[in-house]
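Rule-based calculations on the coordinates, nothing more; no lab input. Not measured: the values here are computed from a predicted model. When we count neighbours, we look across all protein chains shown, and the Cβ atoms used for this are built from the backbone with ideal geometry, even at glycine.
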Amino acid sequence: MKKAGKVHKPTTTRKRLLLFVLFGWLLLILGDRVGELELYQGSFVATYALAITSVVLLTGYSGQLSLGQSALMAVGAYAGALSIFNAGWHPVIGLIMSALIAGVFGLILGLVAARLSGPYLAGTTLALAISLPTLANQFPILGAEEGIAFDVGPAPARFGEDFSQYKWFFWISALASLIMVFFIVNLLSSRYGRTFKAVRDNPVAAQLSGINVEQLKVSAFAISSGVAGLSGGLLVMLISGVSPSAFPLSLSFSLLGAAVVTGLYNLKGVILGGLVLVAIPEIADSLVSRIGGSDNLTTVLPGFLVSALLILAVVFTPNGPGHLLKKHH
Amino acid sequence: MIRNKSMKRATLASAIVATSAMVLSIVPAQANSTGVTATSIKLGVSTPLTGSAGLVYGKVPGAMRAYFDYINANGGVNGRKISLVIRDDKYLPTLAATQTTNLILKDKVFALVGALGTATHSKAYTAAALAKNNVPDLFINTGFSGFANKTKYPTTFMVLPTYNMEAKVMAKVIKDNFPGQATFMLAQDDEFGADGVAGFTTAGHKFTATPTLYPQGTMTAARAEGALTALGAVPGKPVLVLFGTTDVTATLLKAAEKLELTKKFTFLAGSVGADANTLLALGVKPTTIDGVISASFLPDAKDLTDPYVKQFIDINTRYNKGITFDNYVLAGMNSAMLTVQALRAAGKNLTRAGLMSAIEAKGSTFASAGLVPLGYSATSRVGYNGYWVSQLNAQGEGKPYGGKLVIYTTDSGAGAVEISTFVRPTMPKNGIPTNS
């Protein structure tokens, strides 16, 4: 990823594309060298990284604090599941619908949210995170608590018989996340993206410079929702179906926490954020088994580690490790 | 330029994929006795240990492990000691999917036993590819009738009777004992409540008003008081069917206390929502729970005259230190006892397929604390297929309703509710199965 704000934009985008392709290629190679479990965990890392991207975009870049990201993910997840399960569409269309419907939902929500800020916006989105998944229980088409299947099917036969489901999940989630993050990174380094930051840092000054603050906030909300929707679709693909309890309020908090650890003001650390969410329970698990602790310790330790990491991040790298790297340069 | 480069890379990547596919294809297929050695059998469970569900159901896996420890101390199963890997899923589908996958891929367990929850386990089942890997999925703790579908869940064995069966039995109890009384139903608005409402409909029972369905977590004290105030105006002694979790039953009973309506209704609480210890712990007065009617398939955990209960209490004291014995501990140990019999029935050459065939062939004869028959067969994956009706007293003990134990059996379909003469198998000596 290139530093934002370079003058020769075409070169930057091209170089960025090269970097993304290179990274994708690296993942492809990596995917062949690790076990099934690592592939499955990798899929979650990619999915969470995308969800964190949506938080960073909304909170870090446009200055709107949302606690309802899990609800937006749920909207995307249900939209995708209905497209595949009920409408019988191709999974790719299903995932596109996840992003699209959540984006439209976010647009409507953004129109309301643009009038709110700070704790009011946080409160509204918090209410959304609590109520929206439960609402799904009210409509039989959404399958109540058992939910509906989100089945992308097995990998195409041409990949060979031994191409596992987990590798297929990894390919889909990594590719979808890479494409989406590439799109967002480009957007943020464009003129449009810079106006996001202007509005975040000083809305009055931005307005005086001729920026339509309200419109920008709404579009940031819509785009962020679209990204969250896609990650919601990917998440339920990994667990093979969608149901209200897959999107608890705690997911919103975890994503926000991970976004703070990775740095709210740049996207360089989102993969790290995804890794934190997936790896912490694993680290806790192996720590406990090494020291011979109880099951109880295994359950408590992840929360403790995340909290510790959060405090350390706020103290030592308030702008995220990505920012720290930049400073060392 | 870039396109050329990326095309080259794509070609290279394809070559790598093809090569690795070839390498992988040489690896032999996973043996179907994964998790079994000459001296050990590794089992696993993904279940809530923390969170609100963990508070209620968290004792179940520990109770299973305690029973296995007891069996291990008495020679194990065919010389093999049983270990149980317990993973916390906090009752969240995402975690259930990852934790169950961990059990299969990382812990490499032989079989799963006692997974809990409908939304969680239905996701975990597919995500962890249990069907594809032919992993036995034993004695799951959910009464959702969908799990009995052998095509969708080919390796799953239920243990709880379905909610549908329970509702049908309740309908019969109302018909036989409360003719002419107004009847109302408050049910959780999900597959659990829906299964219950469907059961009453199948049984031909018509409630005085359409059942009230409330989403999980929305039955507040104010809402409960509102609902009971309205029903309090109904003449006679209306029967109130509560088809929800124990915390909701507690909220409703406490609302009745506040409104002084505890004697106005006959409360008929579903088995999921009538754990006396939990009700008392949640602040319901002993005088209020006195008289609450419920359905059960296991004996009451406080019934010290029951040999299974007595034996399990003894095991709990020795192998599950610090844990109070209650209905959940009883249920956990009972499932563990069924598991041990299934492992024995599968023989010395333990395989996943062999284990499942053994339950299909002999499962209905296994000794268990259950007072109703087990329904396993080549075509049925339903465990207990009936209920007995109990009535709580002020001490929180569940005694047979009407003073005499009556066992009802039925199915999840249109079958009638019948009174059964079933007598459960005698408990194996010291609670240690010797079947083969």
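What to note about this one:
- Each Lys and Arg contributes +1 and each Asp and Glu -1, all at the Cβ; summed about the Cα centre of segment B:163-296, the dipole is approximately 480 debye.
- Contact order relative to length of segment A:1-135, as percent, for alpha carbon pairs under 8 angstrom and 6 or more apart: 24
- Above-threshold pairs, the threshold being 31 Å between Cα atoms, out of B:206/B:310; B:168/B:362; B:81/B:310; B:237/B:302; B:285/B:310: B:206/B:310
- Radius of gyration (Cα atoms) of segment A:69-195, expressed as a multiple of 2.2 N^0.38 Å: 1.26.
- Fraction of C-alpha pairs exceeding 12 angstrom in segment B:91-136: 54 percent, rounded to a whole number.
- In this Cβ point-charge picture (+1 for Lys and Arg, -1 for Asp and Glu), the protein assembly as shown has a dipole of about 2520 debye about its Cα centre.
- Cα convex hull volume per residue for segment B:354-436 (Å³): 131
- Summed side-chain charge close to residue A:114 - residues other than residue A:114 whose Cβ falls under 12 Å, Lys, Arg +1, Asp, Glu -1: +1
- Sequentially through segment A:38-48, phi angles give Karplus couplings (6.51, -1.76, 1.60; θ = phi - 60°) of 5, 5, 5, 5, x, 5, 5, 4, 4, 5, 5 Hz, Gly and Pro residues having no value and appearing as x.
- In degrees, nearest ten, helix B:191-202 long axis to first principal axis of chain B (Cα): 60
- Segment B:163-296: projected area of the alpha-carbon convex hull, averaged over directions, in nm²: 7.0
- Extreme residue, positive dipole direction of chain B, given options B:329, B:350, B:155 (C-beta unit charges): B:350
- Cα pair count fraction exceeding 27 Å, expressed as % - segment A:117-264: 39
- Kirkwood's formula applied to the C-alpha pairs of the protein assembly as shown gives a hydrodynamic radius of 27.9 angstrom.
- Table column - 3J(HN,Hα) (Hz), segment A:208-222, Karplus curve with 6.51, -1.76, 1.60, x for Gly and Pro: 5, 7, x, 8, 7, 4, 4, 4, 5, 5, 4, 5, 4, 5, 5
- Neighbours of residue B:153, meaning other residues whose beta-carbon lies under 9 angstrom from its beta-carbon, give a summed charge of +2 when Lys and Arg score +1 and Asp and Glu score -1.
- Shape metrics for chain B, restricted to C-alpha atoms - Rg then Dmax, Å: 23.7, 88
- Between 0 and 90 degrees, the angle of helix B:221-232 with respect to the longest Cα principal axis of chain B falls at about 40 degrees.
- Mean Cβ count within 10 Å, highest first, over the residues of peptides A:24-37, A:60-73: A:60-73, A:24-37
- Sorted peptide list for B:397-408, B:290-301, criterion being average Cβ within 10 angstrom, highest first: B:290-301, B:397-408
- For chain A, averaging the sequence separation of C-alpha pairs within contact (under 8 Å, six or more residues apart) and dividing by the residue count gives a relative contact order of 31 percent.
- Spatial separation of Cα centroids for segment B:75-94 and segment A:119-133, in angstrom: 38
- In chain A, a dipole from Cβ-located charges (positive for Lys and Arg, negative for Asp and Glu) runs towards its positive end, and of A:237, A:196, A:72 it is A:196 whose Cα lies farthest in that direction.
- Check: chain B dipole with +1 on Lys, Arg Cβ and -1 on Asp, Glu Cβ, in debye: 1480
- Most positive-pole-ward Cα, B:262, A:256, A:298, against dipole of the protein assembly as shown from beta carbon charges: A:256
- Using the Cα coordinates of segment B:337-402, the gyration tensor eigenvalues translate into equivalent-ellipsoid semi-axes of 32, 13, 7 Å, sorted from longest to shortest.
- In chain A, the alpha-carbon atoms span a convex hull of 158 Å³ per residue.
- Formal net charge of residues neighbouring residue B:261 (Cβ-Cβ distance under 14 Å; K, R +1; D, E -1): +3
- Taking the C-alpha atoms only, the angle from helix B:59-73 to the longest principal axis of chain B is near 60 degrees.
- Å³ per residue enclosed by the Cα convex hull of segment B:299-410: 114
- The aspartates and glutamates within cross-link reach of residue A:197, meaning a Cα-to-Cα straight distance under 16 Å and a gap of 8 or more places when in the same chain, are A:214.
- The calculated 222 nm mean residue ellipticity attributable to helices in chain B amounts to -12500 deg cm²/dmol, summing -39500 (n - 2.57) over DSSP H runs of n ≥ 4 and dividing by all residues.
- Contact order, relative form, for chain B: 16 percent (alpha carbon pairs under 8 Å, 6 or more residues apart, mean separation divided by residue count).
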